[in-house]
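The values are calculated or read from the model by the stated rules, or taken from the named source; none is laboratory data. Predicted model only: the values in this text are computed from it and were never measured. So basically every Cβ, Gly included, is an ideal-geometry build from the backbone, and we count neighbours across all protein chains shown.
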């Protein structure tokens, strides 16, 4: 642990958790709508008007309290679940084995009656590379964000479920990511996740993702010292983090902001992080 690392208490009166201190990429508040173009922007327009606000942030190790975490309370959970997939970079294996595994995991953890896996993203960190480098794998996301918003969550259901959507949205639905390291433990650029209870509504900044034929929306996150941040040390390939990205039920945790971060305690020479996230929609009776 860094000599300057803060120590976070999980609850008042309980022993503190070990933590690290690292910069996290928050979003500055804007008077105008935040946006990013996913293609070459119109002449004279910047690709994005988002201004990153990097803040040194204490991030507590959630491993000692893994059994206390809940998707509906903190907005994230840790599950030990080995996978039958031998190579996630093999698309056929990932679709045939990884997608059903992710669906069953979410169903078991949440009690959902139906789970649809609609996407997955593989990442392999490469120094000096970003997400717009042609031919390079997707890189760890370094801006604090939530994948969906109160507007885009239901729209995602409508986009994917067609004629069934409105009936499904009449009941509870939730978008949940299943994130796991592959090939090796995630010591390099691990994932930090905020306790959903510590996020104020005003901390969530809607941000448009402008594609050529549609506009999506995610949340950037403004820094707030009241936020509580966690990671799981030495997250292994036989473990998965479940992250709440949207929930139609406003009585439970709805959004768990997250980001990759450079852990200052990562040993030199640690192999670059490889990971996969499955995006799922859980439907409840």
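Numerical summary
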quantity	calculated
Test: residue in the range 210-231 that is buried (at least 18 other Cβ atoms within 10 Å of the Cβ) and within 29 Å of residue 85 (Cα to Cα)	yes
All positions within the range 163-183 that are farther than 15 Å from residue 252 by Cα and in a loop (DSSP other than H, G, I, E, B)	170, 182, 183
Strands (runs of 3 or more DSSP E) contained in the range 212-274 and holding at least 1 residues touching a helix residue (DSSP H, G or I) at 6+ places or on another chain (Cβ under 9 Å) and within 22 Å of residue 199 (Cα to Cα)	215-221, 229-231, 239-247
Single match in 111, 75, 25 (criterion: crowded, with 19+ Cβ neighbours inside 10 Å and at positive phi)	75
Qualifying positions in the range 158-178 - surrounded by 14 or more Cβ atoms within 10 Å (Cβ to Cβ), touching a residue at least 60 places away in the same chain (Cβ under 8 Å) and either out of contact with any strand residue (DSSP E or B) (no Cβ under 9 Å at 6 or more places or on another chain) or closer than 10 Å to residue 283 by Cα (or both)	168, 169, 172, 173, 174, 175
Among the residues listed as 249, 263, 202, the single one being under 27 Å from residue 116 (Cβ atoms), surrounded by fewer than 23 Cβ atoms within 10 Å (Cβ to Cβ) and touching a residue at least 12 places away in the same chain (Cβ under 8 Å)	249
Flag for residue 94 being within 22 Å of residue 253 (Cα to Cα) and at pLDDT 95 or above	no
Residue check for residue 43: modelled with pLDDT under 95, surrounded by 11 or more Cβ atoms within 10 Å (Cβ to Cβ), at negative phi and part of a loop (DSSP other than H, G, I, E, B)	no
Test: residue 186 is within 24 Å of residue 276 (Cα to Cα), assigned to a strand (DSSP E or B) and modelled with pLDDT of 95 or more	no
Hits in the range 83-117 - residues which are out of contact with any strand residue (DSSP E or B) (no Cβ under 6 Å at 6 or more places or on another chain) and assigned to a strand (DSSP E or B)	none
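For (1) in contact (Cβ under 8 Å) with a residue 24 or more places away in the chain; (2) more than 22 Å from residue 170 (Cα to Cα); (3) surrounded by fewer than 16 Cβ atoms within 10 Å (Cβ to Cβ); (4) touching a strand residue (DSSP E or B) at 6+ places or on another chain (Cβ under 8 Å), each residue gets a yes or a no:
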{"position": "119", "(1), (2), (3), (4)": "yes, yes, yes, yes"}
{"position": "124", "(1), (2), (3), (4)": "yes, yes, no, yes"}
{"position": "140", "(1), (2), (3), (4)": "yes, yes, no, yes"}
{"position": "149", "(1), (2), (3), (4)": "yes, no, no, yes"}
{"position": "152", "(1), (2), (3), (4)": "yes, no, no, yes"}
